Amino acid sequence: MDVLIIAGSASDKKIADDAAAILKEFGVSCEFQVASAHRTPDKLESILKTSDAKVIIAIAGLSAALPGFIASRVLVPVIGVPVNVKLDGLDALLSTMQMPSGVPVATVSIDGGKNAALLAVEILAVSNPTLREKLEKFRRK
């Protein structure tokens, strides 16, 4: 599997579906899981320990701890997608992008599942010429 999409809540599935659709368009394999850094941390730890994903997309609103929690435990790129739950999503955006030094999380726009998927494809394309070609064609549309 290339990309693991984790949402902190089942209510974020629409954003995950948007990301999965883009990944599918590029032929990138992905898996979707719901796990919370606060409500189900043991489940989340188990998912991360057994995953062979090359990139992780983490979708979370409110405190948006999920992307940082994941980034602190894995050595693959983590893309955070803040969700508009309260305060027009600004609370989630700020907590996703304000990570301490040494724990990077790439952050896309609020509810930006599509851009998260495109960034994941770009990351994978660095070592995959076929994906790079597909991206070039996609950009010319």
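Condition check ((1) modelled with pLDDT under 95; (2) crowded, with 23+ Cβ neighbours inside 10 Å; (3) acidic (Asp, Glu); (4) assigned to a loop (DSSP other than H, G, I, E, B)) across all residues:
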residue	(1), (2), (3), (4)
PRO67	no, yes, no, no
LEU94	yes, no, no, no
LEU124	no, no, no, no
THR130	no, no, no, no
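Within region 29-65, being outside any loop (DSSP other than H, G, I, E, B) and basic (Lys, Arg) holds for LYS43, LYS49. Scanning region 102-122 for residues that are more than 11 Å from VAL81 (Cβ to Cβ) and either at pLDDT below 95 or surrounded by fewer than 19 Cβ atoms within 10 Å (Cβ to Cβ) (or both) yields a count of 4. Regarding region 66-77, can at least one residue be identified that is on the phi < 0 side of the Ramachandran plot, out of contact with any Asp or Glu (no Cβ under 8 Å at 6 or more places or on another chain) and without any contact (Cβ under 8 Å) to a residue 12 or more places away in the chain? Yes, because at least one residue in region 66-77 is on the phi < 0 side of the Ramachandran plot, out of contact with any Asp or Glu (no Cβ under 8 Å at 6 or more places or on another chain) and without any contact (Cβ under 8 Å) to a residue 12 or more places away in the chain. Tell me which residues, restricted to region 70-88, are touching a helix residue (DSSP H, G or I) at 6+ places or on another chain (Cβ under 7 Å) and either acidic (Asp, Glu) or not in a loop (DSSP other than H, G, I, E, B) (or both). The answer is ILE70, VAL78, ILE79, GLY80, VAL81, PRO82. When the criteria are applied in full, ASP111 meets the requirement of being touching a helix residue (DSSP H, G or I) at 6+ places or on another chain (Cβ under 8 Å), assigned to a loop (DSSP other than H, G, I, E, B), under 20 Å from LYS24 (Cβ atoms) and not polar (S, T, N, Q). Out of all the residues in region 4-27, is one or more touching a Ser or Thr at 6+ places or on another chain (Cβ under 7 Å), crowded, with 20+ Cβ neighbours inside 10 Å and among the hydrophobic types (A, V, I, L, M, F, W, C)? For region 4-27, residues touching a Ser or Thr at 6+ places or on another chain (Cβ under 7 Å), crowded, with 20+ Cβ neighbours inside 10 Å and among the hydrophobic types (A, V, I, L, M, F, W, C): present. Pairs linking a residue in region 85-105 that is on the phi > 0 side of the Ramachandran plot to a residue that is among the β-branched types (Val, Ile, Thr), with Cβ atoms under 8 Å and 6 or more positions apart or on different chains, are ASP88/ILE110; GLY89/VAL83; GLY89/ILE110.
The requirement of being crowded, with 18+ Cβ neighbours inside 10 Å, touching a residue at least 60 places away in the same chain (Cβ under 8 Å) and closer than 17 Å to VAL3 by Cβ is not satisfied by LEU48. Taking the residues in region 51-65 that are within 13 Å of ASP2 (Cβ to Cβ) and not acidic (Asp, Glu) as candidates, determine which candidate is surrounded by the most Cβ atoms within 10 Å (Cβ to Cβ). Out of the qualifying residues, it is ILE57.
The values are calculated or read from the model by the stated rules, or taken from the named source; none is laboratory data. No experiment lies behind these values; they were computed from the predicted model shown. Ideal geometry is used to build each Cβ from the backbone, glycine not excepted, and the neighbour counts take in all protein chains shown.
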